[in-house]
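Right, one structure below, let's go through it.
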Amino acid sequence: MAAPGKCFLVTGPPGVGKTTLIIRVLEALKQSNPSLKIQGFYTRELREGAERVGFEVVTLDGRRGPLASTQISSRESQRWPNVGRYKVDVSSFESLALPELQVKEDTDLFIIDEVGKMELFSSSFFPAVLRVLESNIPLLASVPIPKSGRDIPGVARLKNHHGATLYTLNASNRDAMKEQIYSNLINLLQNH
């Protein structure tokens, strides 16, 4: 069972800066503790001019691959799931993200950005997230804000986890939240 308070969940409306906050916390942790072993991935928007055309998965060691796109129209992609106007490349996502979620003895922290509708099309993804939760290794993750008041079941399970703390971002509290999450993680990592 996870000790209380080891799962940090960042939520907020699209575009509020969840990924940016997670990357800033990650950079601050690496600066203060260069020897930390951190595993995971984040998702980045792909833009053409002002238009968002997709997302990519980026591992913490810098490998990247497609997650979703509005511009793919191969034969293969016709079978891919849709989220709005995006086609989700589940196999690309899995090939990058799943190895990053392997629980290892010496891992200090997992980063999962994000546990959302696109990622949850992978049937292997949520079980991997649950194994991370059960491993007792601290986790910093982002989750989408509920649409029409209802969470995706996987997201609801994370939020209801007894070790989870939810941080809801808005434009005015982002910097304060970053400091708060960073200092909570530092305290946790120094005592573990």
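The values are calculated or read from the model by the stated rules, or taken from the named source; none is laboratory data. The model shown is predicted, which means the values in this text are computed figures rather than measured ones. We place every Cβ from the backbone using ideal geometry, glycine too, and count neighbours over all the protein chains shown. The accessibility values were calculated without ligands, DNA or RNA, using every heavy atom of the protein model including side chains. Shrake-Rupley method; radii C 1.70, N 1.55, O 1.52, S 1.80 Å.
Figures for the structure shown
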quantity	calculated
Neighbours by Cβ (under 7 Å, 6+ apart or cross-chain): first from segment 181-192, over 14 Å from residue 111 (Cβ atoms); second assigned to a helix (DSSP H, G or I) and at pLDDT 90 or above	186/32
Meets criteria (more than 26 Å from residue 34 (Cα to Cα), open to solvent by less than 30 Å² (accessible area, probe 1.4 Å), of a type in the set (A, V, I, L, M) and in contact with an Asp or Glu (Cβ under 8 Å, 6 or more places away or on another chain)) for residue 155	no
Residues being of a type outside the set (A, V, I, L, M, F, W, C) and either open to solvent by less than 40 Å² (accessible area, probe 1.4 Å) or over 24 Å from residue 139 (Cα atoms) (or both) - total across segment 92-113	5
Residue check for residue 56: farther than 18 Å from residue 129 by Cα, crowded, with 16+ Cβ neighbours inside 10 Å and among the acidic types (Asp, Glu)	yes
Every residue from segment 49-68 that is polar (S, T, N, Q) and modelled with pLDDT under 95	none
Candidate set: segment 1-24, residues that are buried (at least 20 other Cβ atoms within 10 Å of the Cβ) and of a type in the set (Lys, Arg); chosen: the one farthest from residue 129 (Cα to Cα)	18
Per-region count, segment 137-149, residues open to solvent by less than 50 Å² (accessible area, probe 1.4 Å) and either touching a residue at least 24 places away in the same chain (Cβ under 8 Å) or assigned to a helix (DSSP H, G or I) (or both)	8
Condition check for residue 116: small (Gly, Ala, Ser), under 16 Å from the mean Cα position of the chain (by Cα) and assigned to a helix (DSSP H, G or I)	no
Lone unmet requirement of (1) in contact (Cβ under 8 Å) with a residue 60 or more places away in the chain; (2) farther than 19 Å from residue 112 by Cβ for residue 52	(1)
Residues satisfying the stated conditions in segment 65-97, i.e. within 12 Å of residue 43 (Cβ to Cβ), of a type in the set (A, V, I, L, M) and part of a helix (DSSP H, G or I)	96, 97
Residue within segment 172-183 that is at pLDDT below 95 and part of a loop (DSSP other than H, G, I, E, B) present	no
Selection within segment 25-43 - surrounded by fewer than 17 Cβ atoms within 10 Å (Cβ to Cβ) and within 20 Å of the chain's Cα centre (by Cα)	27, 30, 36, 37
Residues (of a type in the set (Lys, Arg) and closer than 17 Å to residue 19 by Cβ) located in segment 77-126	117
Residue tally, condition outside any helix (DSSP H, G or I) and either in contact (Cβ under 8 Å) with a residue 24 or more places away in the chain or of a type in the set (A, V, I, L, M, F, W, C) (or both), over segment 1-44	26
Every pair of residues 6+ apart whose Cβ atoms lie under 8 Å, when the first sits in segment 150-172 and is more than 23 Å from residue 136 (Cα to Cα) and in contact (Cβ under 8 Å) with a residue 24 or more places away in the chain while the second is of a type in the set (D, E, K, R) and open to solvent by less than 50 Å² (accessible area, probe 1.4 Å)	169/18
